[in-house]
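Step one of this worksheet: look at the structure below.
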Amino acid sequence: MKKIIVLIVFVAGIATSGYSQFIKQGTIIGGGSFEFKSHKDDSDTKRSGFNLMPWAGYMVIDNFAAGLLLSVSNGTTKGTGFKYTDTDILIGPVARYYLDNGLFAHGQFAFGSSKSKQEVDQSPTSETKYNASELRLGAGYAARISDTVLFEPIVGFLSESNKNTTSNVKSTESGFFLMAGFTIFFHSTN
């Protein structure tokens, strides 16, 4: 499946190489993605959550944007006699380099805090706080919807780390991600 996605992005880039996605120095751009998920498993455990990830950047030179992102997420798991809630707030730098054919490289590093709350029947509610960080490196394709709006799917590598602020126990998860969002050109000084 991953190879098919990479192949589609590559072919789309070659097919549109005559259509320039060139973004001039001085342009202010912004965008983001939103994710909502909800599901129920066989044991009647319900999971739901959302992630909102807006970002804004400035084209430092032609085709290269540097900026800042904010990531806010919340997830809930409910079952018979228990409820777990996780909340993350992360902030950090983001960078993108666009090729003239619409392909681009994307990198971001965010850090912040995470809180996990456990409510179990017949037990006191407990909270655990973490220092959190996330690294995303990927490649995408900028499909021009209008002169000022791009649709941008991205595939890449993701690594997330949490460190318990009390016990200093650290956990790391990594894998691949697929996300899509819109980018809007707010202003150009040229």
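The values are calculated or read from the model by the stated rules, or taken from the named source; none is laboratory data. A quick note: this is a predicted structure, and the numbers were derived from the prediction, not measured. Reconstructed Cβ throughout: ideal geometry from the backbone, glycine too, with neighbour counts over all protein chains shown. Side chains included, ligands, DNA and RNA excluded: accessible areas come from the protein's heavy atoms. Shrake-Rupley method; radii C 1.70, N 1.55, O 1.52, S 1.80 Å.
Assorted remarks:
- Accessible area of region 112-190 divided out per residue, in Å², using a probe of 1.4 angstrom: 61
- Set 40/163; 37/163; 83/129 screened for pairs whose C-alpha atoms are more than 21 Å apart: 40/163; 37/163
- Largest GNM mean-square fluctuation across 84, 98, 141, computed for the chain with C-alpha springs under 10 Å, falls on 84.
- Per-residue packing, averaged as other Cβ atoms within 10 Å, sorts the ranges 131-139, 156-164, 113-121 into the order 131-139, 156-164, 113-121, beginning with the highest.
- Residue of 33, 126, 48 that the Gaussian network model of the chain assigns the largest fluctuation, springs spanning Cα pairs under 10 Å: 126
- Gaussian network model of the chain, Cα within-10 Å springs - most flexible of 91, 61, 23: 61
- Charge tally around residue 104: other residues with Cβ under 10 Å, Lys/Arg +1 each, Asp/Glu -1 each, net 0.
- Net charge of the neighbourhood of residue 142, taken over other residues with C-beta under 11 Å away and scored Lys/Arg +1, Asp/Glu -1, is 0.
- Protein accessible area in the chain, 1.4 Å probe - carbon and sulfur %: 60
- Principal axis dimensions, largest first and in whole angstrom, of region 57-162 by Cα: 61, 24, 22
- The chain: angle of helix 2-15 to the longest principal axis, Cα-based, in degrees nearest 10: 20
- Neighbourhood charge, 9 Å Cβ-Cβ cut-off, centred on residue 40 and excluding it, Lys, Arg +1 and Asp, Glu -1: -1
- Only protein heavy atoms count here; under a 1.4 Å probe, residue 50 has an accessible surface of about 80 Å².
- Using distinct alpha-carbon pairs, which all enter the 1/r mean, Kirkwood radius of the chain in Å: 18.4
- About the centre of its Cα atoms, the chain shows a dipole size close to 100 debye [charges on the beta carbon of Lys, Arg (+1) and Asp, Glu (-1) only; nearest 20 debye].
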